[in-house]
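Please treat every number below as a calculation from the coordinates, not as lab data. For clarity, every value in this text was computed on a predicted model and none was experimentally measured. Cβ placement follows ideal geometry from the backbone for every residue including glycine, while neighbour counts extend to all protein chains displayed.
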Amino acid sequence: MTEKVDLIVKSGTVLTFDEEESRFANGAVVIKDGKIVDIGEQLDILQDYEAKDVIDVDGDLIMPGLINGHTHAAMSALRGYSDDLPLDKWLEYIIPAENKIMGKEMVYWGTLVSAAEMIRSGITTVCDSYFFEEDAARAFKKSGMRAICAQGIVDFPTPQWEDPKEKFEVIEQFLESFPKDEDSIVNPALFVHAPYTTSPESYYRARELASKCGIRLFTHLAETENEVVEIKKKYGRTPVRHLEKEGVLSENFTAIHANWVDDEEIEILSNYGSSVVVCPGSGAKLAAGVAPVTSFIKTGIPVGLGTDGPASNNRQDLFYEMDLLAKLQKIISKDPTTLKAKTVLATALFMGAEAIGLEDKIGCLKKGMAADIIVVDLTRPHAAPLFDYMSHLVYSARGFDVKTNIINGRVVYHWGKIYPFDEPGAIAKLFEIGNQLL
Ligand SMILES: [Zn+2]
């Protein structure tokens, strides 16, 4: 008797990234109801199944989808609008431009185009943080991506609220707009912008709300050296100590960037069970800094990898980000043996999943996990010959080597085509929105 299943991906090298680091040289993954029901050498397992669809990858690599731990997807509408500036000056350009175009339309279409960019480069899960986040959620649902949609919180007026006093009403409505659904792949969270734009009271309320709803709280933290100086001047403490004092840290807390933290602050984050997501491309472009990733990992803090928004990177491609993460850590430590390719991959896979609280669902391929799977072609000139998969994935592969992207068992991208939505139509809309700034 064979079991009826939805999809089989077969005839490739399968790297599972599970605890045993299992590999199958001529492997297959069997998928039913969005989950992996079997995985192994295809000669051992395929006789047990009958699938509606079969993808034969013809020797390509089958691996878990990448996890983008931090972006502001809608900001694709501002990609390249302002470059080559430090963060404070960059914000002086970006915020007024953003206020001109930000709204439900810009967020929906900007997010959808970012989803296309991410899907094409092998990202299956994204943590997004912006305003009008219900429209970002609408776009991610359309795109087929797995997403955590974190509604932005700042203490000044935004196109989403004229009076900052109204913001928690808006935020509660946003949270209520997500029906309780265990199987949903698009779920809410909160994103407090940064300690220099948001008061301790707002942080505390966000923390209370997040813990009441059982959702994650994200914030930009200790991004620049200047932020540390400013927060110290205002509150008498560095950013991590400031949030600790205000009762914000918890195991559902993820600090984004964390470039400027001392050893004691790393211990503090670790003691609370908090996580970190680093964004090497954005940190380099804005010269904001390089996070002490090796120290985080040594202390046991789960580290995820993010692209940050497309206006401050300007790519949303985790292959590029993995390469940069490794190289920047080697430069700052003056040690080429630090942060090996295998550990870098962990930040975009299972450790990245832990940093956003999804380690039970995604980050590796094994029975019972979500079927978030990519197929990567490692036969192009920049990847020949092949001695070591880990090395190639971090130092040689590019986003465009991804041939197929499967999210929750659904094929969303295959051989150049995105299936859930009209990609050229979305790009045309984003051009129209961007043209308002010309
Ligand atoms: Zn950011």
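Translational diffusion coefficient of the stretch 1-70 at 37 °C, 0.692 mPa s, Stokes-Einstein with Kirkwood Rh over Cα pairs, in µm²/s as a whole number.
Details: Rh = 12.4 Å.
D, rounded to a whole number, is 264 µm²/s.
Name the longest site-free stretch of the chain, where the excluded sites are trypsin sites (Lys or Arg not before Pro) in a DSSP loop with no more than 11 other beta-carbon atoms within 10 Å.
1-179
Which angle between 0 and 90 degrees, to the nearest 10, do you get for helix 423-435 versus the longest principal axis of the chain when only C-alpha atoms count?
20 degrees
Considering the dipole of the chain built from charges on the beta carbon (Lys and Arg +1, Asp and Glu -1) around the Cα centre, which of 153, 383, 47 is farthest to its positive end?
Toward the positive end, the furthest listed residue is 383.
May I have the pair-distance distribution P(r) for the stretch 79-186, computed from all Cα-Cα distances with 10 Å bins from 0 and rounded to whole percent?
13, 40, 35, 11, 1
Quick check: the angle from helix 104-120's long axis to the longest principal axis of the chain, C-alpha only, nearest 10 degrees?
40 degrees
Take the cross-link list 52/417; 285/429; 100/245; 89/330; 89/141 and give me the ones stretching past 31 Å between alpha-carbons.
100/245; 89/141
Return the FRET efficiency for the residue pair residue 438, residue 251: r is the Cβ-Cβ distance, R0 is 51 Å, and the value is rounded to the nearest 0.05.
0.65
Rounded to whole Å and sorted largest first, what semi-axes of the equivalent ellipsoid does the C-alpha gyration tensor of the stretch 292-348 yield via the square root of 5 times each eigenvalue?
Working: eigenvalues 77, 34, 21 Å².
Semi-axis lengths for the stretch 292-348 are 20, 13, 10 Å.
Name the longest site-free stretch of the chain, where the excluded sites are chymotrypsin sites (Phe, Trp or Tyr not before Pro) in a DSSP loop with no more than 13 other beta-carbon atoms within 10 Å.
Details: sites that count: 387, 415.
Answer from the scan: 1-386.
What does the charge count around residue 95 come to, taking other residues whose C-beta lies under 14 Å from its C-beta (Lys +1, Arg +1, Asp -1, Glu -1)?
Counting the neighbours of residue 95, the net charge comes to -2.
Could you give the angle, 0 to 90 degrees to the nearest 10, between helix 133-143's Cα long axis and the longest principal axis of the Cα atoms of the chain?
10 degrees
If you take the alpha carbon radius of gyration of the chain and divide it by 2.2 N^0.38 Å, what ratio comes out, to two decimals?
So the chain has a normalised radius of gyration of 0.95.
Taking the Cβ of residue 267 as the center, what net charge do the other residues with Cβ under 13 Å away carry, scoring Lys and Arg +1 and Asp and Glu -1?
In short, -3.
Can you give the longest stretch of the chain with no exposed loop site, where a site means GluC sites (Glu not before Pro) in a DSSP loop (not H, G, I, E or B) with at most 16 other C-beta atoms within 10 Å? Write out the running numbers ahead of the final one.
Details: sites that count: 19, 20, 21, 162, 182, 251, 359.
Here the longest segment lacking exposed loop sites spans 22-161.
Just for the stretch 66-355, what percent of DSSP beta bridges are antiparallel, to the closest 5?
Of the beta bridges lying entirely in the stretch 66-355, close to 5 percent run antiparallel.
Using the Kirkwood formula on the Cα atoms of the stretch 92-131, what hydrodynamic radius do you get, in angstrom to one decimal?
Result for the stretch 92-131, one decimal place: 11.4 Å.
Out of all Cα-Cα pairs in the stretch 282-408, roughly what percent, to the nearest whole number, are more than 25 Å apart?
Result: 26 percent of Cα pairs exceed 25 Å.
Assuming 0.36 nm per residue, please report the length gained on full extension of the stretch residue 33 to residue 176 beyond their Cα-Cα distance. Don't jump to the answer; show the numbers that get you there.
Working: separation 143, 0.36 × 143 = 51.48 nm, distance 2.67 nm.
That pair, residue 33 and residue 176, stretches by 48.8 nm at full extension.
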